[in-house]
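The values are calculated or read from the model by the stated rules, or taken from the named source; none is laboratory data. On a predicted model such as this, the values are computed, not experimentally measured, just so you know. Positions of Cβ are generated from backbone atoms using ideal geometry, with glycine treated the same way; all protein chains shown enter the neighbour counts. Ligands, DNA and RNA are stripped out before the accessible areas are found, and what is left, the full protein with its side chains, is counted by its heavy atoms. Shrake-Rupley method; radii C 1.70, N 1.55, O 1.52, S 1.80 Å.
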Amino acid sequence: MDLENATAVSDEIKKTGRKTRAFKVDVSNSLQVNEAVNEIARDCGRIDILVNNAGIVTSHENILTISDEAWEKEIAVDLTGAFFCTRAVLKYMMDKHYGKIITMASIAADTGRIQASAAYSAANGGLVGLTISVARSVAKYGINVNAVCPGIIMTGILDCYPKEVLDGLIKEIPYPRMGTVEDVANAVLFLASGESDYITGSRIRVNGGTWIG
């Protein structure tokens, strides 16, 4: 999401009477992440919820067409970005003995989805491991750390797939429709709420039954 769209969302939230700000941050840059998080903490006095939602994916038949630069960029944004953001907020959450960290991963961590970059699958596998490791290390502080792993969801990220590949992936969904952003948002909302207080180190698969187990 660019700053213009983020600001538009921020303005909508303000209409509900809530306090909100929009930042443009390169999540693969630890300095930018730390500066933004510290500013938010100074402004709000605490940080209760983090949703790691930055992600990119490219389309490749196999790893032979993935350049060094493409690999490094996807790992940097998808995996390292979540690490930087999680690390930046943890000190504030540990101080308050409370926090909810929700990381957006993907079904690609389990399936190595056809045509999706191997870097994307590798990064999302790493996100699951990061979630489990952090959850175990901060549970004693009352901090919940979980992941949401969507399947095929109707977003712009699907534009990277050739039509015939996308059509094939949609046919694999047992549920009678594709997933929506609302389906994913509802899972995130649950994990950010008090209703999930005794859940940590887990992942919710939002995929219409494409991957079960």
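Based on protein heavy atoms only, the stretch 54-213 ends up with 51 Å² per residue of surface accessible to a 1.4 Å probe. As a fraction of the 1.4 Å probe accessible area of the chain, surface on carbon and sulfur atoms comes out at 55 percent.
Candidate values (1) 26, 18, 18; (2) 28, 19, 18; (3) 24, 23, 16 were compared with semi-axes √(5λ) of the Cα gyration tensor in Å computed on the shown model; the agreeing label is (2).
Among the chymotrypsin sites (Phe, Trp or Tyr not before Pro) in the stretch 89-156, none is located in a DSSP loop while being surrounded by at most 10 other Cβ atoms within 10 Å of its own Cβ.
For Arg42 and Phe190, a Förster radius of 25 Å and the Cβ-Cβ distance give a FRET efficiency of 0.25, rounded to the nearest 0.05.
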